[in-house]
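First the structure, in the form of structure tokens, and then the observations on it.
The values are calculated or read from the model by the stated rules, or taken from the named source; none is laboratory data. Computed from a predicted structure; not experimentally measured. Cβ: placed from backbone, ideal geometry, glycine included. Neighbour counts: every protein chain shown. In case anyone asks, the SASA skips ligands and DNA or RNA and just uses the protein heavy atoms, side chains included. Shrake-Rupley method; radii C 1.70, N 1.55, O 1.52, S 1.80 Å.
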Amino acid sequence: LQVQGRSHADDSKVPQQEKAHFLAQAKKQKSSDSEDLEQAQNEDSEEDFPETNKVPESANFKAEKLKIKEESLLLNKLAKVVEDALKKAFPDADSSKIKIEYPSHSDHGDYACNIALALSKDLQKNPRQVAEAIVSKIEKGDRIEKIKIAGPGFINIFLAQSLLDSEVAKVLEQGDEYGKVQAGKDKNIVVEFSQPNIAKPLGVHHLLSTIIGQSLANTFKFLGFNTLAINHTGDWGTQFGKLIYAFKQWGNKEVVEKDPIQELLKLYIKFHDEVEKDPKLADLGREEFRKFEEGDKENRELWQWFVDESYKEINKTYDKIGGIHFDHMHPESFYEDKMAPIIEKGKELGIFSEGEEGALVIEYEDENIPTLPIIKKDGSTLYITRDFAALKYRLETWNPERILYCVDVAQSLH
């Protein structure tokens, strides 16, 4: 697939600040895992009936599950059966706590519900007694074969064979359309994935992002959402000033056209090798990018050529994977004319302030959060500047129910 993995990484070049960040995250995760293990060991057989995944909270942000409301789903029909029984057994109980889940072992049934445990404290009753009261009021109908109470009060539901037989018949009849619903009708979801960098080889994390992203996009389309798949390729930034300088100094167009990605990468690496011998070259690279941002004709043409050649190679990999589709190719350059309003609004609201030597930054009240640069001292932009513009554009253009970013392994899903 022409992707590169960890064998090409050089950990010695990772900045110390970044190393410290990931070490701290690893330590925090290890501590969290130990607490979870200790809690699991102290509980009865609850590990067989997993609760909703816990999502870490950061500052004032809290991620929530996207709620898919579809009455035709069997899981929701069973939830309604349990809710009706709960209201008969305990009219004042909170039915919003009902969750129908899949047990990890088949001998625990097709579905399980831990509502008895969730309500036992509120009802001031033993959870098993609560479960028995609820089960006594459940109307099995033609969907449920039997119900068992397990452990401290889990309600295990076994489906009727006739229901399973009828579902198999539907699968055979409907094929790929089986299970398709309209839960997301008239709602927009933006899924951003793949996000390769121009003039650089695809990394294994791009492969992961591409496959997960396309899978999510396909799933949401199947659920009836108006799903917009976006590829936000990295085609902007100081690295292009470095590459432009390197090509002008040492490049050959015919050589590059034979193997664009690898040859451009060689030039980029050579630039950094030469910088180690002569640090002044770094300023020349930044100057080329500044000229590029200001519209220099030669630099713009070179950049466009880098982009065109890179896409030829990237698309070969997409074709090999198969089934990869983007509704919008919105690279960083797409937001070039959309950054100025963000910058001005940020100044107006006092979010952006002047830093050292005229740079524009965000200063956080939390001393543990480092100052975030928005505009460099030479007036050029950064990735975060374009990311702000991208987010504003997506919110205003599509009014999405949710925006999903499928990025590299280190950042996971945010």
Exercise. At a Förster distance of 22 Å, what's the computed FRET efficiency of GLU363 paired with THR397, Cβ-Cβ distance as r, to 0.05?
Worked result: 0.15
Seminar exercise, completed: For region 242-358 the mean separation of alpha carbon contacts under 8 Å (6+ apart) over residue count, i.e. relative contact order in percent, is 25
For this session: For region 110-189, with all protein chains present and a 1.4 Å probe, just round the carbon and sulfur fraction of the accessible area to a whole percent.
Result: 45
Problem set entry | Accessible area per residue, Å², region 296-365 with all protein chains present, probe 1.4 Å | 60
For this session: Can you tell me which of 95-107, 173-185 comes out highest on packing, and rank the rest after it, using the mean Cβ neighbours within 10 Å?
Result: 95-107, 173-185
For this session: Check the straight Cα-Cα distances from LYS277 and name the lysines below 16 Å, setting aside those fewer than 8 residues away within the same chain.
Result: LYS242
Problem set entry | Reach of LYS345 by Cα under 28 Å, taken over lysines that are not fewer than 8 positions away in the same chain | LYS62, LYS291, LYS376, LYS377, LYS392
Exercise. Averaged per residue, what accessible surface does region 120-168 expose to a 1.4 Å probe, in Å²?
Worked result: 58
Seminar exercise, completed: Excluding residues fewer than 8 positions from LYS137 in its own chain, the lysines with Cα under 26 Å of it are LYS69, LYS77, LYS80, LYS87, LYS88, LYS97, LYS99, LYS121, LYS125, LYS146, LYS148
For this session: Take the alpha-carbon centre of region 222-258, take the same for region 174-214, and report the distance between them in whole Å.
Result: 20
For this session: Whenever you get a sec, compute what percent of the accessible area on region 314-396 sits on carbon and sulfur atoms (1.4 Å probe).
Result: 52
Seminar exercise, completed: Over region 190-285, with neighbouring protein chains present, the accessible area per residue in Å² at probe 1.4 Å is 42
For this session: On the full set of protein chains, 1.4 Å probe, figure out the accessible area of TRP250 and give it in Å² to the nearest 10.
Result: 90
